[in-house]
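Take a look at the structure set out below.
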Amino acid sequence: MGIPGHTDDHRWSQQHLSHYVEGDLRRRARRRLDRHARDCVDCGRGIRAMHALVYAVQGLDGLAGVRAPASIFDRVRLAGGSESLSPRGA
Amino acid sequence: MTPPSRGKRDPEVAAADSPATGSPARAPATRSPASSPATGPPATEAGLVARAQAGDVSAFEQLSSAYADRLFMLLLRLLGDRAEAEDVAQEVMLRAWQGIARFQGRSSYFTWLYRIAVNEANRALDKRARRPAGVAIRDQELQLPGSPADDPSRQAEVSELRVALGRALAGLPPALRTAIVLRDVEGLSTQEAAEIAGVSQAAFKSRLHQARLRVRAAVGDEALVTAGG
């Protein structure tokens, strides 16, 4: 419907938004997506959404300050008692 | 000890399948914050590896404790369950201790340890999937902290986005979740993240892009653009 090749460009662009924001597209491919997104509201918004997604996920730092449990080496200590001179595989 | 390349970005993948190179001396931070027992000079990471390989448990603990908090956070993100993350963290350390003699320094110690963690997390997730009544991932383990934004409505949008992102990440297949957590949440370079995931950089990128597309579809552009903008 409408512009020849538009549907192909649209589907292709939607599949490559992450590559686009990651900088993984070659120059020609990037130009293709840029050209399509200029006229496509969905893809223009898709680019903004993908940027926002990466930014938001990078900010998923709600666990900052979480400490490893004191028990983290318990099994090593148990094993170390019997293997202190020879870890398995030595 | 400085965590390796948190936040590092490499916009272009030059050699997608280049093998890991390096030596223990090339480890991300070769100086340990701790000193050798009684002798004074700070122990290097390579020195601690050598002592651990000789069977010195305390050297192994000193070596690994520099990464313990971050490793535990990774497990929490991958598993979404604190009790399970604690159990798997102990198992990771045990596996690392048992395998330290085979560590040859082709990657950094951090990468090697993280790779064990990802493998153990995947093993735990496989076990969970085989359980008749699987334990649901607790979304809150994957969420962000509160935002200091002043505007309450904006705060609410950001908070909703965090919840939605947490759910979307928790709903990803393990391989895709691992990719997005290592690259986007942990901020590792593609090379490091691919090495930890045990796949080529090209395969890792493919997983990452798939993961992002799925998260985007699950969260929706509207929520992302509104809260992100």
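Quick note: the coordinates plus some simple rules give every number you see, no bench work behind them. Being a predicted model, the structure only gives us computed values, none of them experimental. Every residue, glycine among them, receives a Cβ derived from its backbone with ideal geometry; neighbour counts consider all protein chains shown.
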Next on the checklist: Here is a list: B:I100, B:I116. Which entry is surrounded by 23 or more Cβ atoms within 10 Å (Cβ to Cβ), in contact with a helix residue (DSSP H, G or I) (Cβ under 9 Å, 6 or more places away or on another chain) and either touching a residue at least 24 places away in the same chain (Cβ under 8 Å) or of a type outside the set (F, W, Y) (or both)?
Outcome noted: B:I100
Checklist outcome for this item: Going through region B:50-67 in order, the residues found to be part of a helix (DSSP H, G or I), in contact with an Asp or Glu (Cβ under 9 Å, 6 or more places away or on another chain) and facing chain A (nearest Cβ under 7 Å) are B:V57
Checklist entry - Tally time: how many residues in region B:158-191 are assigned to a helix (DSSP H, G or I) and either under 11 Å from the mean Cα position of the chain (by Cα) or more than 8 Å from chain A (Cβ to nearest Cβ) (or both)? => result 22
Next on the checklist: Whether any residue in region A:32-46 is within 7 Å of another protein chain (Cβ to nearest Cβ), over 30 Å from B:A85 (Cβ atoms) and part of a loop (DSSP other than H, G, I, E, B) is what I want to check.
Outcome noted: no
Next on the checklist: Please go through region B:192-205 and give me each residue that is under 15 Å from the mean Cα position of the chain (by Cα) and in contact (Cβ under 8 Å) with a residue 40 or more places away in the chain, ordered by number.
Outcome noted: B:E192, B:E195, B:I196, B:A197, B:G198
